[in-house]
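Beneath this line is the structure, given in structure tokens, with notes to follow.
The values are calculated or read from the model by the stated rules, or taken from the named source; none is laboratory data. It should be emphasised that the depicted structure is a prediction, and the values quoted were computed from it without experimental measurement. In this analysis, Cβ positions are derived from the backbone assuming ideal geometry, glycine residues included, and neighbour counts consider all displayed protein chains. Keep in mind that these areas ignore ligands, DNA and RNA; they rest on the heavy atoms of the full protein, side chains included. Shrake-Rupley method; radii C 1.70, N 1.55, O 1.52, S 1.80 Å.
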Amino acid sequence: MVDTDLVVVGAGGGLAGALRAAEHGLDVVVVEADEHFRRGNNTAMSTAMVPGAGSRWQRAAGIEDSPERFLADVEAKTAGTADRRVARALTTVSAGLVAWLADGVGLPIELPVDMDYPGHSARRVHTVPGRHGSSLLRGLADAVTASDRVDLLCPARAVDVQLGDGVAVTVEDPAGGRESIRARAVLLATNGFGADADLVAEHLPEIAGATYHGSEYARGDALRLGTALGAATGCLDAYQGHAALSAAARTLVTWTTVMHGAVVVDAEGRRFADETAGYSEFAAWLAARPGARGWVVLDQRIDALARAFGDYRDVADSGALRWAPDTSDLAARMGVPAGVLADELADAAAVARGEQGADRVGRTAVEAPLEGPLAAVEIVPALFHTQGGLRVDEHARVLDAADRPLAGLYASGGAAVGMSGHGAAGYLAGNGLLPALGLAHLAADHLAATRLLEVSP
Ligand SMILES: Cc1cc2nc3c(=O)[nH]c(=O)nc-3n(C[C@H](O)[C@H](O)[C@H](O)COP(=O)(O)OP(=O)(O)OC[C@H]3O[C@@H](n4cnc5c(N)ncnc54)[C@H](O)[C@@H]3O)c2cc1C
């Protein structure tokens with residue numbers, strides 16, 4: 001039996017809640033099921049893009065932005081279907097969150113200003129050097145190790161939560177040994193249910209056949225634990241897909257290629273949608289094409305720009321890029337008809353040169369025409385993580401069907417309802433990490449504030 005203030009279940013984005021709670025003087029136990037979580041969870045696998053609207057990095061770069069503008073972007077991308085209370089809380093906290101990651105955690109936060117992301121009307125997506133989640137998670141985990149208020153229990157899987165006078169969390173080690181931890185509150189930060197094929201088939205049939213590229217421990221534990229306690233759920237059909245997983249390297253090609261002017265063609269060499277709509281919804285569109293695979297076609301300029309991303313460098317170093325001096329040689333290397341590919345590239349190039357407003361698939365923004373030598377990388381669609389989950393309020397408190405908070409129960413990240421509305425199309429870059437880090441941060445603030453209320457006369 002251990003007594004503490006807060007149990008955080010899951011050492012991904014939940015670590016932000018643990019560290020924030022410790023900063024408030026609370027004692028925390030983090031329980032983590034996966035002994036390899038530092039490279040295995042979604043936060044570690046991510047591209048480390050965290051939005052912050054109105055941040056000091058934006059001000060230094062002369063970028064005007066605000067939480068209201070960010071919220072308007074979320075509402076536009078989700079067609080108004082995002083949980084408004086959660087979206088408002090997260091867009092409001094976003095700039096403070098990235099500042100805290102820098103000042104409170106010590107992460108070397110930077111703001112890439114070299115590209116736009118689909119749906120963001122301002123350059124607001126912050127990251128760390130190398131643009132990879134492994135650095136982000138390492139920074140959080142190192143700060144946890146350095147904190148004398150946070151204990152990490154790993155490997156230990158939370159298998160039961162009871163609410164009453166505080167909470168009781170039962171954890172199980174791999175040998176089946178069980179231990180109960182009593183606390184004032186618990187934060188469920190176990191991610192969603194992407195690794196549970198049955199739940200994915202039930203809630204996300206359109207992407208169930210795609211490759212799952214996320215944490216193996218995203219098994220829906222929070223969903224089961226929370227609903228057993230009477231929690232309501234929302235947007236269980238929401239997910240982040242990605243159309244650009246390298247078929248050969250099984251690593252992310254990154255959509256930065258596309259935003260810099262690359263185009264996506266299917267296995268027959270044809271484009272089929274406006275790539276700038278968003279990489280999440282593009283996954284299901286690619287999954288519906290012949291053979292459920294395609295190609296990203298790029299050139300040397302784009303290759304140089306994309307090398308800012310560790311994932312892209314890994315793809316390039318793996319030899320997955322097929323280079324050719326011109327379109328017809330490239331088409332031969334891809335096994336697609338040369339005439340079809342040439343027509344598709346000419347159509348996009350005409351937009352880049354300003355000769356036409358939009359191309360055949362409706363794309364209006366192409367940074368520059370592709371120029372030989374050209375490269376193609378074969379891609380398959382992927383499911384990265386689910387976005388729906390336990391309904392929460394603006395403090396990350398889990399709610400029941402009557403909108404009442406369940407005392408002592410918080411949820412964040414893939415365990416919670418998120419801010420992406422329904423389906424895949426509501427996903428904006430950063431909609432994964434912002435609810436993961438932001439809701440955990442808000443939960444810690446709320447728990448600390450209620451402690452002050454409890455001790456005041
Ligand atoms: C390749 C890739 C790139 C991405 N890039 C971005 C990006 O740039 N920006 C963005 O916003 N989002 C991105 N995402 C999405 C983002 O990674 C996730 O939305 C986010 O990391 C989820 O955080 P989390 O804390 O909910 O889950 P995780 O980081 O997966 O952490 C959950 C932890 O809980 C543990 N766990 C599970 N069940 C239990 C249990 N019962 N007991 C104890 N521990 C348990 C797991 O082992 C895991 O360590 C990306 C995802 C992928 C796959």
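So here's what we get for this one:
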quantity: Selection count where residues are open to solvent by less than 20 Å² (accessible area, probe 1.4 Å) and near the ligand (Cβ under 7 Å from one of its atoms), scope the stretch 193-221; calculated: 3
quantity: Residue within the stretch 149-157 that is surrounded by fewer than 21 Cβ atoms within 10 Å (Cβ to Cβ), among the aliphatic types (A, V, I, L, M), in contact with a Gly (Cβ under 8 Å, 6 or more places away or on another chain) and not assigned by TED's automatic domain parsing to the domain that holds T257 present; calculated: no
quantity: In the stretch 206-226, residue nearest to L252 (Cα to Cα) [restricted to those that are in a loop (DSSP other than H, G, I, E, B) and small (G, A, S)]; calculated: G214
quantity: Count - residues of the stretch 398-457 that are at pLDDT below 95, of a type outside the set (S, T, N, Q) and part of a helix (DSSP H, G or I); calculated: 5
quantity: Qualifying residue in the stretch 152-161 (condition: small (G, A, S) and away from the ligand (no atom under 16 Å from the Cβ)); calculated: no
quantity: Tabulated pairs, the stretch 427-450, first touching a residue at least 12 places away in the same chain (Cβ under 8 Å) and within 16 Å of G25 (Cβ to Cβ), second part of a helix (DSSP H, G or I) and within 9 Å of the ligand (Cβ to nearest atom), C-beta under 6 angstrom, 6+ apart or interchain; calculated: H441/A16
quantity: Failed item in (1) within 11 Å of the ligand (Cβ to nearest atom); (2) in contact (Cβ under 8 Å) with a residue 60 or more places away in the chain; (3) acidic (D, E), with E179 passing the rest; calculated: (1)
quantity: Selection from the stretch 407-453 of residues that are under 16 Å from the mean Cα position of the chain (by Cα) and of a type in the set (S, T, Y); calculated: S412, S420, Y427
quantity: Test: residue in the stretch 227-241 that is open to solvent by 40 Å² or more (accessible area, probe 1.4 Å) and part of a strand (DSSP E or B); calculated: yes
quantity: Search result, residues across the stretch 7-45 that are in a strand (DSSP E or B) and closer than 13 Å to V144 by Cβ; calculated: V8, V28, V29, V30, V31
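For every residue, the table says whether it meets (1) in a helix (DSSP H, G or I); (2) surrounded by 19 or more Cβ atoms within 10 Å (Cβ to Cβ); (3) of a type in the set (D, E).
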site: R59; (1), (2), (3): yes, no, no
site: A76; (1), (2), (3): yes, no, no
site: A79; (1), (2), (3): no, no, no
site: R85; (1), (2), (3): yes, no, no
site: T92; (1), (2), (3): yes, yes, no
site: V98; (1), (2), (3): yes, yes, no
site: G106; (1), (2), (3): no, no, no
site: V113; (1), (2), (3): no, no, no
